[in-house]
Amino acid sequence: MKRLIPLFLALLLLTGCHIIPEKPRSEPLVFGIFEPTTGLYGETGRETLRGAELAREIRPMALGKKIDLKLYNTKSQSFEAANGVSYLSGRGAVGLIGTFGSDSMQMAGPVIDAAKIPTVTGSTSPKLKDNYWITQISVSDDEQARAMARFADETLHLKDIAVMIDAETLYGSELAYSFERNLPDYVNVYKVFYHTGESRFHNEIQRLQKLPVDSVYCPGNSAASAYLIRAIRAQYPDIPIMGGDRWENPSFKSIGEDAVEGVYFTAHYARYETFNIASDTFLSLYREKYGEEPTSYAAIGYDAYNLLYDSVVKSGKDDPAAMAQYLRKQESFDGALGIKKRFSTRSVPILQQQGRRGNYVTTVEVSR
């Protein structure tokens, strides 16, 4: 009986689609996905791929055609995202699931424009929002930073915050500067810069010790942040430490070990505070298939596939231009990430690291 419940919920997602399987009539539809499945960020790309593959199991055909997912592994190299778009569009992909990396999507953007291929991405960079061919479904860097700024002020009541900025990545710097801009005037901010690749952070900690801080906001990639927090905790065992969505990756805990216990970070998806039937369905199906809890990145892959699928079925054609037009007109989407309204407010989950996973703390509403 337990096995039937997730399958029943999955069928609820198929409104407007054929429930009885069809036989393929022609060449398959290709949805391309360019994500890192190896290298420094491979764990995130593998989770996105898992989510997309799970969605395809539920909705494997559109317009009488089988849907193929074709992967281009960007190997955690930003420049490979542009190569991935070129490769996949050249092999017949009618739509793409784009990588999460802000730097990577910046490089991919011009190629996406040239190829005129609709791309649904988990990238959080606010610089992508005006690109006609790119649809973002995750919580943006600006939205994450504004939510954490409110949480730091209204819930944690912090007054002297050190903002530690990764000087080498667009992702970390966008979060850091937006966080600073959205704090009230009575909160003091002290900026300290660091560089990805460092593991001891001797100079940065010396700088921090000269400041009258009661907390640290240090958004960055999972590995770099974990090493940084270990260095911070050696001198400041009890102060609140805050960050962004990359901390949800398993390597954050495996590298940071006990030092990262209790830190706060923003995310896109809250496993234990599901928003709707689609969220519940995704959680049940993921647990059944993989035997563990999903991350936000799996939810992003799942929703990205379903959005591309809807753009084919509801536009009635597998034409990239028609698909893009459908995606641009969508004001809301009821998916695993929750009910997303493009032009109104955004619900940003705040998680706290407890054991292997981040546990839900609260949701902060921010305007769009």
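The values are calculated or read from the model by the stated rules, or taken from the named source; none is laboratory data. Here the structure is a predicted model, which means the values were calculated and not measured. Neighbour counts are summed over all protein chains in view; Cβ atoms, including those assigned to glycine, are modelled from backbone coordinates with ideal geometry. Protein only, heavy atoms only, side chains kept; ligands, DNA and RNA dropped before computing areas. Shrake-Rupley method; radii C 1.70, N 1.55, O 1.52, S 1.80 Å.
Looking only at segment 292-313, decide whether some residue is open to solvent by 30 Å² or more (accessible area, probe 1.4 Å) and either within 16 Å of Thr121 (Cα to Cα) or basic (Lys, Arg) (or both). Can you show your working first?
Taking segment 292-313 first, the residues open to solvent by 30 Å² or more (accessible area, probe 1.4 Å) are 292-293, 313.
Restricting the remaining residues to those that are either within 16 Å of Thr121 (Cα to Cα) or basic (Lys, Arg) (or both) gives none.
Within segment 292-313 (the criterion being open to solvent by 30 Å² or more (accessible area, probe 1.4 Å) and either within 16 Å of Thr121 (Cα to Cα) or basic (Lys, Arg) (or both)), the answer is no, since none of the residues qualifies.
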Selection count where residues are within 25 Å of Leu183 (Cα to Cα) and basic (Lys, Arg), scope segment 195-250 | 4
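Out of Leu88, Leu49, report the one residue that is under 22 Å from Ser251 (Cα atoms) and not in a loop (DSSP other than H, G, I, E, B). Working first, answer last.
On the way: Leu88 fails: under 22 Å from Ser251 (Cα atoms).
Leu49 is the lone residue from the list that is under 22 Å from Ser251 (Cα atoms) and not in a loop (DSSP other than H, G, I, E, B).
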Filter result (at pLDDT below 90 and assigned to a strand (DSSP E or B)) within segment 187-208 | Tyr194, Thr196, Glu198
Would you mind telling me which numbered condition in (1) surrounded by fewer than 24 Cβ atoms within 10 Å (Cβ to Cβ); (2) touching a residue at least 60 places away in the same chain (Cβ under 8 Å) Ser76 fails?
-> (2)
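What residue, among those in segment 180-209 that are out of contact with any strand residue (DSSP E or B) (no Cβ under 8 Å at 6 or more places or on another chain) and open to solvent by less than 40 Å² (accessible area, probe 1.4 Å), is farthest from Thr169 (Cα to Cα)? Walk me through how you get there before you give the answer.
Quick first cut of segment 180-209, residues out of contact with any strand residue (DSSP E or B) (no Cβ under 8 Å at 6 or more places or on another chain) only: 181-182, 184-186, 197-200, 202-203, 205-206, 209.
Retained after the next criterion (residues that are open to solvent by less than 40 Å² (accessible area, probe 1.4 Å)): 184, 205.
Values: Pro184: 26, Ile205: 20 Å.
Going through the qualifying residues, I end up with Pro184.
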The lone condition Lys289 fails out of (1) outside any strand (DSSP E or B); (2) open to solvent by less than 10 Å² (accessible area, probe 1.4 Å) is (2)
Name the residues in segment 210-247 that are open to solvent by less than 20 Å² (accessible area, probe 1.4 Å), in a helix (DSSP H, G or I) and in contact with a Gly (Cβ under 8 Å, 6 or more places away or on another chain), would you?
-> Ala224, Ser225, Ala226, Leu228, Ile229, Arg246, Trp247
Apart from one, (1) over 18 Å from Ala145 (Cβ atoms); (2) part of a loop (DSSP other than H, G, I, E, B); (3) under 17 Å from the mean Cα position of the chain (by Cα) all hold for His268; the odd one out is (1)
